[in-house]
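Report on the following structure.
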Amino acid sequence: MKKNKASIGKPPKEAANNSATYARGMIWPHLETPAKFAVARIKGGPIAPQINGYVYFWDVPGGVQVWTAISGLPPYQPGLNNQSPIGPHGFHLHQFGDCSIGDPLEPFQAAGGHWNPDNQPHGNHAGDFPVLFSNNGRAEMSFLTNRFQVADIIGKSVVIHENPDDYRSQPAGNAGKRLACGIINLYDGI
């Protein structure tokens, strides 16, 4: 199989034999099948307007590959005096594709709760993702999930939270305020 160099944030050009290509340890999608490739453009709200980035999703054998590149994350601050820490940042799929600000002190509530199509306890929701670690405001991460296919999440939203998810508090992990949001859409080209 032909290997291609990848630039940050863009998948490599497809291999000549129409097979998946590999870069940075990930399987990149077949770009001629956009129904299996989606993206959410992440934008910060009133609490953290500097946040921006992308989350890409594509079907692969055994599940969905998720890759994200985010900038503008607040730096880590330890929790003091019974306050929650800021970061690492909770990172989830939410029920609705609505990133309306609403109340600027509690933004993105219209996105609903964590997406949980099979009624699992928190920590095992299909929409529970690993936390994002801010490295001088940037985070890049890739992971594989077998909890859904791309077609299942079109029209849902991705939300970044102020605090880390504890993966046990019900129903949503005590991840704090919603800092940024993006709606998942089919990817329509590079």
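For GLN83 and ASP152 in the same chain, what is the full-extension length gain: residue separation times 0.36 nm, less their Cα-Cα distance, in nm? Before the final figure, lay out the partial values.
Values: separation 69, 0.36 × 69 = 24.84 nm, distance 3.62 nm.
Gain on stretching GLN83 to ASP152: 21.2 nm.
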> If you count, for each residue, the other Cβ atoms within 10 Å and average over each peptide, how do 90-100, 147-157 line up from highest to lowest?
Replying inline: 90-100, 147-157
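Computed from the coordinates by the stated procedures, all read-outs in this text should not be read as laboratory data. Bear in mind that the values here come from a model prediction, so they are computed numbers and not experimental data. Because the Cβ atoms are built from the backbone with ideal geometry, glycine has one as well, and the counts that use them run over all protein chains shown.
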